[in-house]
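The values are calculated or read from the model by the stated rules, or taken from the named source; none is laboratory data. Keep in mind that this is a model prediction, so the values were computed, not measured. Note: ideal-geometry Cβ built from the backbone for every residue, glycine included; neighbour counts use all protein chains shown. Accessible surface areas use protein heavy atoms only, side chains included; no ligands, DNA or RNA. Shrake-Rupley method; radii C 1.70, N 1.55, O 1.52, S 1.80 Å.
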Amino acid sequence: MTPPPSKAPRPPRSSRWVPGNHFELLENGEEFFPAVFQAIRGAQREVLLETFILFDDKIGRQLHAALLHAAQQGVQVHVLVDGFGSPDLPPSFISSLVQAGVHFRVFDPGGRRLFGQRLNVLRRMHRKIVVVDGELAFIGGINYSADHVADFGPQAKQDWAVAVRGPIVAHMHRFARRAVLPRGELKRASRAPLPELAHAGRAGALFVTRDNNLHTTDIERHYRIALRAARERVVIANAYFFPGWRLVRAMRRAALRGVDVCLILQGEPDMPIVKTAAGLLYDHLLRAGVRIYEYCERPLHGKVALVDRQWSTVGSSNLDPLSLSLNLEANVVIHDEAFNALLHERLQKLMHDSCTQVQAQPKGAFEGLRLLRGYCVYHLMRWFPAWAGWLPRHQPTISLVQPEAGAAGGGH
């Protein structure tokens, strides 16, 4: 896939290839956290950070220290966390940031409870984005919690993110400011033109988001476009896999026309239902020639993919009903041979060293039941986006935590 020519009609925001970028692949917390914390500590003007999960553990406290340092140096620091994903932050954790000048906001704070369970599980702010000084950005699937580093133990997560420099950062910066700034500043930010950042590399890029308004299927659409164009290879590593029928159909069609399509899915899931749901699709995919590998070393949390030798994507979006139909997500799509080759090398090593290949089951006495199950699953996938539209559509709020406020659910 190549960027469109300059004289093509102006496409929607999430379809404009932006040239001149550099992407650094960061694998797991060991590579990601030091890079992010150093960037925040070195900020000169502004830090914008969005995350689904922020815990008060050793990683959360390191982030806390970096944000506190930046704020104390006069840097404008804006943090947005999800009220469901980060529900139990201690009052002291937040208040010390707020008192230092950090603008700490919570997406859909508190939430109603039923039998002690929070009901704002749907339509979550699932993005993981950091933008520092409008010049350096990070995006991927890694949250701020200790289970993203290996010394957490057998349940430590396998995941990826990228550090980004170049003109695409201006698009990410504008988006993040719109997500976290108060209304008055937001109006001024919306009127300001995008700054022209210097080229930092040779990669073309798209910044693609999913919301419940204008961009409901953008991330899924870019996956389908890439799968339809695939001619040689496809590798998808995704933690929560139960996509709609259009994505499954695109994977099957690619495999049937001779493309080597590989899926890396959870073999040791953090939630057993994840493996059960994905397993319902195995037979349908395997019979088309898709190769499926289960990562068995520890829980897989990644959301990355590559197609042929140019196209790659890294971000927060899983390939399941929550990410494709409900959550607020963000990915970058990267058009760069060097990055594609590096990601392919890492995923090949993962498949070789830490995965078990799933074998197709031979036909047997229960073939009819298996076909019936496949038929039912196929139609469940076909219609789940429509069903998702019937789920509660409350309007989530973003609340600024005041200095006297306590936990993440206590903003005003």
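Assorted remarks:
- Filtered residue count, region 17-68, keeping only those that are polar (S, T, N, Q), surrounded by fewer than 16 Cβ atoms within 10 Å (Cβ to Cβ) and closer than 25 Å to ARG178 by Cβ: 1
- So GLU297, is it surrounded by fewer than 21 Cβ atoms within 10 Å (Cβ to Cβ), under 20 Å from HIS148 (Cβ atoms) and touching a residue at least 12 places away in the same chain (Cβ under 8 Å): yes
Table: residues versus (1) surrounded by fewer than 21 Cβ atoms within 10 Å (Cβ to Cβ); (2) out of contact with any strand residue (DSSP E or B) (no Cβ under 7 Å at 6 or more places or on another chain).
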{"site": "ALA200", "(1), (2)": "yes, no"}
{"site": "LEU206", "(1), (2)": "no, no"}
{"site": "THR209", "(1), (2)": "no, no"}
{"site": "LEU214", "(1), (2)": "yes, yes"}
{"site": "THR217", "(1), (2)": "yes, yes"}
{"site": "ARG224", "(1), (2)": "yes, yes"}
{"site": "ALA230", "(1), (2)": "no, no"}
{"site": "VAL234", "(1), (2)": "no, no"}
{"site": "ASN238", "(1), (2)": "no, no"}
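- The set of residues in region 270-287 that are open to solvent by 10 Å² or more (accessible area, probe 1.4 Å) and either in contact with a strand residue (DSSP E or B) (Cβ under 8 Å, 6 or more places away or on another chain) or modelled with pLDDT of 85 or more (or both) comprises VAL274, LYS275, ALA277, TYR282, ASP283, HIS284, LEU286, ARG287.
- Subset of region 132-160 [small (Gly, Ala, Ser), open to solvent by 10 Å² or more (accessible area, probe 1.4 Å) and not in a helix (DSSP H, G or I)]: GLY153
- Within region 41-93, the set of residues being assigned to a strand (DSSP E or B) and touching a helix residue (DSSP H, G or I) at 6+ places or on another chain (Cβ under 8 Å) comprises VAL47, LEU48, LEU49, GLU50, LEU54, VAL77, HIS78, VAL79, LEU80.
- Some residue of region 315-326 being in a helix (DSSP H, G or I) and touching a Lys or Arg at 6+ places or on another chain (Cβ under 7 Å): no
- Hits in region 327-344 - residues which are surrounded by fewer than 23 Cβ atoms within 10 Å (Cβ to Cβ) and in a helix (DSSP H, G or I): GLU337, ALA338, ASN340, ALA341, LEU342, HIS344
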